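A quick write-up on the structure given underneath.
The values are calculated or read from the model by the stated rules, or taken from the named source; none is laboratory data. As the structure is a computational prediction, the values presented were derived from the model and not from experiment. We place every Cβ from the backbone using ideal geometry, glycine too, and count neighbours over all the protein chains shown. Quick note on the areas: whole protein, heavy atoms, side chains included, nothing else; ligands and nucleic acids left out. Shrake-Rupley method; radii C 1.70, N 1.55, O 1.52, S 1.80 Å.
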Amino acid sequence: MKLLLLGASGLLGRQVAATFRAAGWELAAPTHREVDLARPEAVAALLTASAPNLILNCAAQRKPDLCEGNSPEVQALNIDLPRRLAESDRPLIHISTDYVFNGANAPYAEDARRCPINAYGRQKAAAEAAIEEAPNVLILRLPILFGPTPDLRNSAVTILAANLLAARGACVKMDDLAIRYPTFTCDIARQLLRLADPVCAGALRGIAHYSAEEPMTKFQMALTMAPLIGVETAQCLPDRTPPAVPRPYDCHLSTRRLRQIGLFVEPTPFATALIQTLAAAH
């Protein structure tokens with residue numbers, strides 16, 4: 001079986017590549033230098049040359065602050081690319097986000113009305129709307145991610161540890177407003193591997209959710225991290241100031257669908273996964 005993995009250099013993509021290779025999949029994982037994903041002709045040529053059994057799209061601009069300008073480059077990656085991939089008629093798993101919701105009515109089922117409150121959420125919601133009725137397409141929504149990385153700044157979770165270490169004893173403000181559900185990329189990769197065969201067989205399509213179940217603010221995440229990196233928890237200061245770009249309050253994703261069909265991968269506890277992640281970084 002051959003996988004075309006887009007976004008293989010990212011935090012999730014690297015773990016997906018390693019997991020699928022270990023399971024015996026042949027991998028096509030072009031870099032940004034090799035393929036400009038914003039060019040339709042480049043994407044079409046890639047699909048023809050790779051002839052994959054499955055496309056897995058992890059490519060996106062996922063930083064909300066960088067999406068606010070709605071630049072053509074960001075829209076090409078977040079909206080146009082998934083639409084082109086779905087039009088290829090090859091089995092596709094597209095990674096989406098809990099930010100398609102406003103965070104006011106958690107938990108959110110797969111069929112909940114999309115109601116984003118920032119540009120990133122609106123872009124991902126537009127991509128979902130463009131592809132959700134296509135045959136052989138599964139949209140997998142995910143919350144905030146963390147996992148093995150050589151650079152702690154690669155994740156919105158582990159950057160908290162990087163900031164604490166860089167502060168050298170000074171206090172660091174951490175968001176204590178939005179409730180998040182940090183989810184381990186190793187678990188997500190195993191979940192994607194479990195979904196791959198049903199998607200390829202046409203037995204699974206539409207929208208599904210995968211998420212860990214431990215609610216915490218970034219301040220609360222940092223309190224768990226601090227002793228693991230040799231930092232006093234007193235360095236962590238709660239900050240309840242609303243950010244310049246709005247974030248949802250609580251976008252907890254219901255994982256009922258995957259649980260009901262017996263495909264759900266049980267998440268690793270946050271503290272356990274965090275130890276593995278920090279060990280990889282060091």
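General observations
- Checking each residue in region 60-71 for being open to solvent by 10 Å² or more (accessible area, probe 1.4 Å) and in contact with a helix residue (DSSP H, G or I) (Cβ under 9 Å, 6 or more places away or on another chain) picks out A60, Q61, R62, K63, P64, D65, L66, E68, G69, N70.
- Test result for T217, touching an Asp or Glu at 6+ places or on another chain (Cβ under 6 Å) and hydroxyl-bearing (S, T, Y): yes
- Checked against the criteria, A42 counts as touching an Asp or Glu at 6+ places or on another chain (Cβ under 7 Å), without any contact (Cβ under 8 Å) to a residue 60 or more places away in the chain, open to solvent by less than 20 Å² (accessible area, probe 1.4 Å) and part of a helix (DSSP H, G or I).
- Selection of first residues in region 187-198 that are modelled with pLDDT of 95 or more and among the charged types (D, E, K, R) and of second residues that are open to solvent by 10 Å² or more (accessible area, probe 1.4 Å) and part of a helix (DSSP H, G or I), restricted to Cβ pairs under 9 Å at least 6 apart or on distinct chains, gives the following pairs, ordered by first then second residue: R190/T19.
- Residues that are in contact with a Gly (Cβ under 9 Å, 6 or more places away or on another chain) and not in a loop (DSSP other than H, G, I, E, B) within region 233-282 comprise Q235, D250, R257, A273, Q276, T277, A280, listed in sequence order.
- Just one of the listed residues (R180, R168, R205) is open to solvent by 10 Å² or more (accessible area, probe 1.4 Å) and at positive phi, namely R168.
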